[in-house]
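Q: Just passing along the structure, written as structure tokens.
The values are calculated or read from the model by the stated rules, or taken from the named source; none is laboratory data. Note that the structure is predicted; figures quoted are calculated from it, not measured. Note that we place each Cβ from the backbone using ideal geometry, even for glycine, and neighbour counts take in every protein chain shown. Accessible surface areas use protein heavy atoms only, side chains included; no ligands, DNA or RNA. Shrake-Rupley method; radii C 1.70, N 1.55, O 1.52, S 1.80 Å.
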Amino acid sequence: VTPELEDKYPDQFLELVFLIGGNLGVLSGNFEFSESWLMRGLGKLENRQDDNHILRIIRKLADISTWRGDTEKALKSLHKYISAETPVSRRYQIYALGSLAEAYRKSGNLEEAEICYHCILTHSKSRALIAWESHALLGLAMINFMRMNNEESVKLANEALSQYEKIKHAWGIMNAKTILLLN
């Protein structure tokens, strides 16, 4: 992709950036490759007021930081754009809250993670975002597992599993079953 094409088709370029860096690169596990594409897209957004693309890219960069174990970096970048107190009006805010919740959970801040997951649950239900509702249930199941509240963890994991099976979401099914096996 040449700089001329990036400038001529900025929205399409940002979609390409997200596809390559935010999805394909992350799924391949090549985080350096993903990060380079995401940063390239973020550079294009410096002079634009495009909250949706910014949230999408920041979320994926935060996910990469969390996967690398740098939850402090993930939280710092996300806090510039989202918190559990942020009024949610767009689905990309829900997705960013998911990254925030996971960074909190992985850093051991279970209270903040729980607040975020409840917020995701509320907003995803009202928008019929079944996958994100399921992700919130799974996150809450993991938090309860970490707190050794097995009964609640099993209940939430079963609820998430049921929803994941309805939408045939393989990642969710695998993770919900894992929580159930660990309990």
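Q: Among Gly139, Gln49, Thr2, flag the residue with its Cα farthest along the positive direction of the charge dipole of the chain, charges on Cβ as +1 for Lys/Arg and -1 for Asp/Glu.
A: Highest projection toward the positive end goes to Gly139.
Q: Could you give each residue of the stretch 52-58 its phi-based ³J(HN,Hα) in whole Hz, using Karplus coefficients 6.51, -1.76, 1.60 with θ = phi - 60°, and x for Gly or Pro?
A: The phi angles translate into 5, 5, 4, 4, 4, 6, 4 Hz.
Q: Can you figure out the FRET efficiency of Leu182 with Asp70, using R₀ = 25 Å and their beta-carbon distance, to the nearest 0.05?
A: According to the calculation, E is roughly 0.50.
Q: Still on this structure, please answer the following. Considering only protein heavy atoms, what is the solvent-accessible area of Glu6 at a probe of 1.4 Å, reported in Å² to the nearest 10?
A: 10 Å²
Q: Something else about it: At 1.4 Å probe size, with the rest of the protein present, what percent of the exposed accessible area of the stretch 4-101 is carbon and sulfur atoms?
A: That share works out to 52 percent.
Q: Please compute the Kirkwood hydrodynamic radius of the chain from all pairs of different C-alpha atoms, in Å with one decimal.
A: 17.0 Å
Q: Which residue fluctuates the most in the chain, going by a Gaussian network model with Cα springs under 10 Å, if the choices are Ser28, Ser36, Ser65?
A: Of the options given, Ser28 has the highest mean-square fluctuation.
Q: If you count only protein heavy atoms and use a 1.4 Å probe, how large is the accessible surface of Asp7, to the nearest 10 Å²?
A: 100 Å²
Q: Let me ask you something else. So which GluC sites (Glu not before Pro) in the stretch 111-173 end up in coil per DSSP with only 13 or fewer other C-beta atoms within 10 Å?
A: none
Q: What is the distance in Å between the Cα centres of the stretch 1-58 and the stretch 105-151?
A: Measuring centre to centre over Cα atoms gives 28 Å.
Q: Leaving out same-chain residues fewer than 8 places away, which lysines sit with a Cα under 26 Å from that of Lys76?
A: Lys44, Lys60, Lys106
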